[in-house]
Amino acid sequence: MRTILVTGGAGYIGSHTVVELQNQNYSVVIADNLSNSNEKVIEAICQITGKKPDFIKADLSDQSECKKVFDTFPQIEAVINFAAYKAVGESCEKPLDYYKNNLGILLNVLQQMKERGIKYFVQSSSCTVYGEPEVLPVRESSPIQQATSPYGNTKQMAEDILRFTAMAKQVKAIALRYFNPVGAHESALIGELPNGVPNNLMPFITQTAAGIRKQLTVFGNDYPTPDGTCIRDFIHVVDLAKAHVVAINRFFENKNKADFEYFNIGTGRGYSVLELINSFEKTIGVKLNYTIGSRRQGDITQIWADTTVSEQELGWKAEMDIDQMTLSAWKWQQHLDKTPF
Ligand code: UD1
């Protein structure tokens, strides 16, 4: 059985990916400092799959802690890197923390891999690398535009670091450019753990429906879109998780065409903020208390993915629709209300 190190594996996307890796008979080591997650997630994963992943609490931005992870698990053959800070607004207030943490983790992990001859690396990237696209849908060949936040810039810089490390033949890397991950595992045992007031739309919707938040504010309805609200490519987190397994298989099956590859991981379909709200109201059968507010600084108007390359080259396609996204997000919210972490 091949062993994959999943950094940040107790987090939202990480935990769903661990489940899919175990389902495909990979053995998983999770390294996580639990700064934005909870150890109970490990038990929840075990409940879903019947397999316990190895877990090591470690701050990978610390060189010696990172080394310890690789020393403890010499069987690691590939790494999926989720460990990173991810709040866009916070990154503008604490840019140095974001560069130090997100890039420090990446560099430390790559250094350990180099020293041990571990070749395969999957990076959690983002559609934020495209900025406000001029042409839609965005393709992998669309231009990278100047980042609007340090968070987004760490995603761009991580891709550059991987490109050059791969060019030096020290690693084979795949960057997965996620669009907007939402929803939760169908078991409702894992999902996105709220940390204070959510920044992202879906957790704000479910918390408003659950009565935790009084009102949802739609940030602007004067955008040049059909209903005036922003458009995003929402993707079910389980579909997203499966893309990582496909990327890992690609290495072991020697299917990669270049030492550094990058793929759009979206559905190819854009929904506006109001359309997502309507889908939620219809699927759950509740009326959401929402109001229209002013635009949020830094938001782009619209983005959705061209998925041709990920379908044809990677051999991956999102399967779940918007109703499955909202329904699973709601089931997870109800689970959290009953059994808070
Ligand atoms: C942002 C980041 C993305 C990152 C993601 C996950 C940018 C441009 N995008 O995505 O890189 O991966 O967060 O953290 O940096 N909205 C409301 N009311 C709310 C919350 C959101 O109307 O209470 C709207 C927003 O204005 C936006 C849409 O919902 O139009 C989606 O917002 P959000 O879920 O925060 O994700 P992004 O900003 O698209």
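The values are calculated or read from the model by the stated rules, or taken from the named source; none is laboratory data. Please read these numbers as outputs of a predicted model, since none were measured by experiment. Neighbour counts are summed over all protein chains in view; Cβ atoms, including those assigned to glycine, are modelled from backbone coordinates with ideal geometry.
Taking (1) free of Cβ contacts under 8 Å to residues at least 60 places away in the same chain; (2) in a helix (DSSP H, G or I) in turn, Thr229 satisfies each apart from (2). Counting the residues of region 309-341 that are among the charged types (D, E, K, R), surrounded by fewer than 15 Cβ atoms within 10 Å (Cβ to Cβ) and modelled with pLDDT of 95 or more gives 3. State whether the residues of region 236-255 include one that is outside any helix (DSSP H, G or I) and either within 11 Å of the ligand (Cβ to nearest atom) or buried (at least 21 other Cβ atoms within 10 Å of the Cβ) (or both). Yes, region 236-255 contains at least one residue that is outside any helix (DSSP H, G or I) and either within 11 Å of the ligand (Cβ to nearest atom) or buried (at least 21 other Cβ atoms within 10 Å of the Cβ) (or both). Only one of the numbered conditions (1) away from the ligand (no atom under 16 Å from the Cβ); (2) touching a His at 6+ places or on another chain (Cβ under 9 Å) is not met by Val286, and that is (2).
Those residues that are closer than 21 Å to Ala210 by Cβ and free of Cβ contacts under 8 Å to residues at least 12 places away in the same chain, I need them from region 168-197; list them, please. Of everything in region 168-197, just one residue is closer than 21 Å to Ala210 by Cβ and free of Cβ contacts under 8 Å to residues at least 12 places away in the same chain, namely Gly196.
At least 3 residues being within 13 Å of the ligand (Cβ to nearest atom), modelled with pLDDT of 95 or more and over 17 Å from the mean Cα position of the chain (by Cα) is the threshold, and among the strands (runs of 3 or more DSSP E) wholly inside region 111-222 those reaching it are 216-219. All of Val286, Val273 fail the test of being crowded, with 18+ Cβ neighbours inside 10 Å, touching a residue at least 12 places away in the same chain (Cβ under 8 Å) and over 26 Å from Thr17 (Cα atoms), apart from Val273.
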